[in-house]
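Beneath this line is the structure, given in structure tokens, with notes to follow.
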Amino acid sequence: MRKIFISPSILSADFARLEQECKSLEKCGADWIHCDVMDGNFVPNITFGMPVIKSIRRCVVLPLDVHLMVDKPERYIRQFAEAGANIITIHAEATDNVAETLKAIRSCGKKAGISVKPNTPVEVLEQYRGLFDLVLIMSVEPGFGGQSYIESSATKISRAKQLFPDVLVEVDGGINAQTAPLVIDAGVDVIVAGSAIMGAPDRSTVIKNLRGTK
Ligand code: DX5
Ligand code: ZN
């Protein structure tokens, strides 16, 4: 059986206790920590940036999976790399310089991810083949936690796996005990979950269940 990675999103964390929240995720069996960076332009919401990533880096050893929902992310790649990101994912819709930005991520020694919003077909990524290590399929409109999973995402995940068999396929948005089996059946490698994990009293059990192990 293939390994399913769980990347809890700290978007739904208690930011006043971010250190304890991140350490709790590490203790509860998370594989990565998903950090949602929002700029108020690419998405309507604003979250946090490099200083917070840098602080989280000091608290945990888990890989930091940084999801940049930011216009023209090429402006910030080096800074996020230096802050301690391990995987840096940009949006295909966020820049006219996708290929250069993916190359910049790799030249900083980091894994490069590329994401598509629900209405962007995964086929647009074919032109960047070979330049990324991960495809992130958004299964909600980016911007907010706690939204409902968009049904058509499973088909998009299978298509991504078929087009790019050598890269990790990650899903983000509305994943919980009900929707996780749908994306696992579709072939997903990495599951992001915010509210399903952060809102649960027993995070280890939720993480195990999402992964499909008991
Ligand atoms: C949404 C973010 C997600 C969000 C997921 O734009 O990219 O990572 O935290 O939250 P849930 O799991 O609650 O849908
Ligand atoms: Zn995200």
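The values are calculated or read from the model by the stated rules, or taken from the named source; none is laboratory data. The structure displayed is predicted, hence computed values, not measured ones. Every residue, glycine among them, receives a Cβ derived from its backbone with ideal geometry; neighbour counts consider all protein chains shown. For accessibility, only protein heavy atoms count, side chains too; no ligands or nucleic acids. Shrake-Rupley method; radii C 1.70, N 1.55, O 1.52, S 1.80 Å.
Scanning the stretch 139-148 for residues that are touching a strand residue (DSSP E or B) at 6+ places or on another chain (Cβ under 8 Å) and within 7 Å of ligand 1 (Cβ to nearest atom) returns Val140, Pro142, Gly143, Gly145. Residues in the stretch 63-78 that are away from ligand 1 (no atom under 16 Å from the Cβ) and open to solvent by less than 50 Å² (accessible area, probe 1.4 Å): Ile77 alone. When Val116 is tested against the conditions (1) open to solvent by 50 Å² or more (accessible area, probe 1.4 Å); (2) within 15 Å of ligand 1 (Cβ to nearest atom); (3) closer than 15 Å to Val171 by Cβ, the lone failure is (1).
Selection of the stretch 202-213 for residues being of a type in the set (S, T, N, Q) and within 16 Å of ligand 1 (Cβ to nearest atom) yields only Asn209. Just so you know, in the stretch 121-148 the residues that are among the aromatic types (Phe, Trp, Tyr) and in a loop (DSSP other than H, G, I, E, B) include one that is nearest to ligand 2 (Cβ to nearest atom), and it is Phe144. Checked against (1) touching a Phe, Trp or Tyr at 6+ places or on another chain (Cβ under 7 Å); (2) over 30 Å from Val124 (Cα atoms), Lys23 meets all criteria but (1). Checked against the criteria, Ile175 counts as part of a loop (DSSP other than H, G, I, E, B) and buried (at least 24 other Cβ atoms within 10 Å of the Cβ).
Residues checked against (1) hydrophobic (A, V, I, L, M, F, W, C); (2) more than 20 Å from Ala112 (Cβ to Cβ); (3) modelled with pLDDT under 95; (4) not in a strand (DSSP E or B):
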site	(1), (2), (3), (4)
Lys23	no, yes, no, yes
Ala30	yes, yes, no, yes
Val37	yes, no, no, no
Leu62	yes, no, no, yes
His67	no, no, no, no
Asp71	no, no, no, yes
Thr89	no, no, no, no
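Counting the residues of the stretch 56-91 that are closer than 22 Å to Leu168 by Cβ and in contact with a Phe, Trp or Tyr (Cβ under 8 Å, 6 or more places away or on another chain) gives 12. Here Ile53 meets the list (1) assigned to a helix (DSSP H, G or I); (2) within 16 Å of ligand 1 (Cβ to nearest atom); (3) within 20 Å of Ile175 (Cα to Cα) almost entirely, failing just condition (3). The residue that is surrounded by the most Cβ atoms within 10 Å (Cβ to Cβ), counting only those in the stretch 180-201 that are under 20 Å from Val122 (Cα atoms) and near ligand 1 (Cβ under 10 Å from one of its atoms), is Val192. Residue count for the stretch 119-153 under the criterion of being farther than 16 Å from Glu170 by Cβ, free of Cβ contacts under 8 Å to residues at least 60 places away in the same chain, open to solvent by less than 70 Å² (accessible area, probe 1.4 Å) and of a type in the set (Gly, Ala, Ser): the result is 1.
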